[in-house]
Amino acid sequence: MRRRIFGAAAGAAVFGLLIPLSGCGSSAGDSGSGTLKLVAAEYGDSQAFWSKLTADFSAQHPGIKIEVQLLPWADIDREVTRMVKAGRAPDMALMGAYSDFAAQGKLYSADELLSVSDEANFLPPLAEAGSVGNTLYGLPFVASSRLLFLNDALFAKAGISSPPRTWADLRNAAKALKDKGVKFPIAVPLGPEEAHAEAMIWELSNGGGYVDSSGNYSLASEQNVETFRWIKDNLVAPGLTGPVPPSQLNRADAFAAFLRGEVGMVNGYPSLLHEAKGKGIGVTAVEMPVSNTLGSSDRPPMVGVADWMMAFKQNGNRDRIGRFLGFLYQDKNLSDFAGRYHLLPSTVSAARTPAGGGIDKTDQAFLTALRGAQLYPVNDPSWVTVSDTIKRNIGRAVDPSGDPKAILDDIAEKSREAGKKS
């Protein structure tokens, strides 16, 4: 019934302004000149990047101007959907999901916009994530992966000499950290901000995940139920997750506590590692330990996330859009953007050129993890609703009074209903 698909969701939510950078409106035909509109998520002071990029592009293509409107992550999906429904779709959008627009037939495919070499240049897991069937609609822009961060000083204080490789190792390390007074031996942020990421990390490390080998949702699989039962009994019940219940702990708060030196272990991404190093916190980043059911020799995929560029057909500006995207995805431009936010560029060529600013030694482990990562099933049109259901409910599975099986069954049933409506 479902296509075999994997996808990705957006990165951290940060607030921005609506900033038109050049021009106004868009031309009706696909002539060699006119104005294109791009609506982009604000990553944090993105204006400087887009101002320079659009000026450089227009200098090379004097007849084409680019108007960029920046929106907060919290608003962009809703606002772009509203624009499309009102018949005022932008020419391009950079945001966290594309599949609903692809399902409606509103997007250009990559082969209508890019050269064969440019389309083939996307990192394979990201290209698969951006494809519906065998057609690429969501152009991956920047990405990241997740690794388990260990606070070196706290590990040394607790007398832990090697990183955990299995869940049993992880539980023992958390207990040793707690015995030394560490406030959050392991932070498990299953609060509504980004619980779907934390949950998927744990599920994959037990051989589970959100979809099965056929691409069908498997939210209440036996492996997933076992995963949350283990977290509840082995980490939450003994008080190894800290003073804030996982269901109430958001990612941003867990990361802030890590940067204060209060967290022994937490799953994180590249920008957090850079922040920690900037504060003088020694960090070791390792692959997520696996369940003892799998064994330490098993290596399930890590979690990857990406953000997506898409191009709308509504205004008929395919040729101009293609020229702009070809310029945007040049190594120097993509690496410049990724480097500003300590993210990973989405193309093979940009990822292999550290001089371009995209990948440094600190980021190499994340790139290695990304190459074999599994991403959210965001190219299923129902994923937006399903992910929201997961975010708002999955944390209850590890509450003291929570029943992991009942809660996962409920999430699965709500997801089936979402699939029927999509």
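In this entry, Ser387 is excluded by the filter for residues that are of a type in the set (Ser, Thr, Tyr), open to solvent by 50 Å² or more (accessible area, probe 1.4 Å), more than 27 Å from His61 (Cβ to Cβ) and not in a strand (DSSP E or B). Selection over region 42-74 of residues that are open to solvent by 50 Å² or more (accessible area, probe 1.4 Å), within 22 Å of the chain's Cα centre (by Cα) and not aliphatic (A, V, I, L, M) gives a count of 2.
Got at least one residue in region 101-109 being surrounded by fewer than 23 Cβ atoms within 10 Å (Cβ to Cβ), over 26 Å from Leu370 (Cα atoms), polar (S, T, N, Q) and free of Cβ contacts under 8 Å to residues at least 60 places away in the same chain? Yes, region 101-109 has at least one match. Annotation note: of Ala187, Ala285, the sole residue that is in contact (Cβ under 8 Å) with a residue 60 or more places away in the chain, more than 30 Å from Arg416 (Cα to Cα), open to solvent by 10 Å² or more (accessible area, probe 1.4 Å) and among the hydrophobic types (A, V, I, L, M, F, W, C) is Ala285. Annotation note: Cβ proximity below 7 Å between a residue of region 126-138 that is in a loop (DSSP other than H, G, I, E, B) and a residue that is at pLDDT 95 or above and open to solvent by 30 Å² or more (accessible area, probe 1.4 Å) (sequence gap 6+ or interchain) occurs for Gly130/Tyr137. Would you point out which residue out of Ala187, Ala199 is more than 16 Å from the chain's Cα centre (by Cα) and of a type in the set (A, V, I, L, M, F, W, C)? After ruling out the rest, the residue left standing is Ala187.
Screening region 35-105 for helices (runs of 4 or more DSSP H) wholly inside it with 3 or more residues that are aromatic (Phe, Trp, Tyr) returns the ranges 47-60. For Leu150, indicate whether it is assigned to a helix (DSSP H, G or I), of a type in the set (A, V, I, L, M, F, W, C) and touching a residue at least 12 places away in the same chain (Cβ under 8 Å). The answer is no for Leu150.
Taken over region 207-228, residues that are more than 17 Å from Glu413 (Cα to Cα) and open to solvent by 10 Å² or more (accessible area, probe 1.4 Å) amount to 6. Screening Glu128, Glu119 for residues that are in contact with a helix residue (DSSP H, G or I) (Cβ under 7 Å, 6 or more places away or on another chain) and of a type in the set (D, E, K, R) leaves exactly one candidate, Glu119.
Out of region 262-280, which residues are open to solvent by 30 Å² or more (accessible area, probe 1.4 Å) and either in a helix (DSSP H, G or I) or in contact with a strand residue (DSSP E or B) (Cβ under 7 Å, 6 or more places away or on another chain) (or both)? Once the filter is applied, which keeps residues that are open to solvent by 30 Å² or more (accessible area, probe 1.4 Å) and either in a helix (DSSP H, G or I) or in contact with a strand residue (DSSP E or B) (Cβ under 7 Å, 6 or more places away or on another chain) (or both), region 262-280 yields Glu262, His274, Glu275, Lys277, Gly278. Scanning region 187-221 for residues that are in a loop (DSSP other than H, G, I, E, B) and touching a Gly at 6+ places or on another chain (Cβ under 8 Å) turns up Ala187, Leu190, Gly191, Pro192, Ser218, Ser221. If you check Met302, Met310 for being open to solvent by less than 10 Å² (accessible area, probe 1.4 Å) and within 21 Å of the chain's Cα centre (by Cα), only one passes: Met310.
Take region 151-188 and flag every residue that is among the aliphatic types (A, V, I, L, M) and closer than 20 Å to Trp202 by Cβ.
Once the filter is applied, which keeps residues that are among the aliphatic types (A, V, I, L, M) and closer than 20 Å to Trp202 by Cβ, region 151-188 yields Ala168, Leu170, Ala173, Ala174, Leu177, Ile186, Ala187, Val188.
The values are calculated or read from the model by the stated rules, or taken from the named source; none is laboratory data. A quick note: this is a predicted structure, and the numbers were derived from the prediction, not measured. Using ideal geometry, Cβ is built from the backbone for each residue, glycine included, and neighbour counts are taken over all protein chains shown. SASA here: full protein model, heavy atoms, side chains in, ligands and nucleic acids out. Shrake-Rupley method; radii C 1.70, N 1.55, O 1.52, S 1.80 Å.
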